[in-house]
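One structure below.
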Amino acid sequence: MLVEPSIKWVALKHVIELKTGDVIQGRMSGQAYVVTGQYGDRATAVKTVDVMNPNEWLVMRPVQPE
């Protein structure tokens, strides 16, 4: 039995509709972004990647004083 997804892509009519945490997709690129800020007539969003192989990544951490 095929189960329909409970979410789907819908057209954005106004930027003000966006909420922090929304996932948006560029119509031309198809790339997805997560909204991190909403400022009325504009929003800020970041691109995310899946992190699976720890050998491919560095993490920045504060240096502990000696």
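Bear in mind that the values in this text are calculations on the coordinates, not laboratory data. Remember, predicted model here, so these are calculated numbers, not experimental data. Cβ placement follows ideal geometry from the backbone for every residue including glycine, while neighbour counts extend to all protein chains displayed.
Here are some notes:
- Peptides 48-54, 59-65, 9-15, ordered by how many other C-beta atoms sit within 10 Å of their residues on average, highest first, read 9-15, 48-54, 59-65.
- Note on Arg42 and Gln25: their simple-model spin labels are 2.7 nm apart, each label 7 Å out from Cα toward Cβ.
- Rg [Å, one decimal], Dmax [Å, integer] - the chain, C-alpha atoms: 17.4, 61
- Total formal charge among the other residues, if their Cβ is under 14 angstrom from that of Gln31, Lys/Arg +1 and Asp/Glu -1: +1
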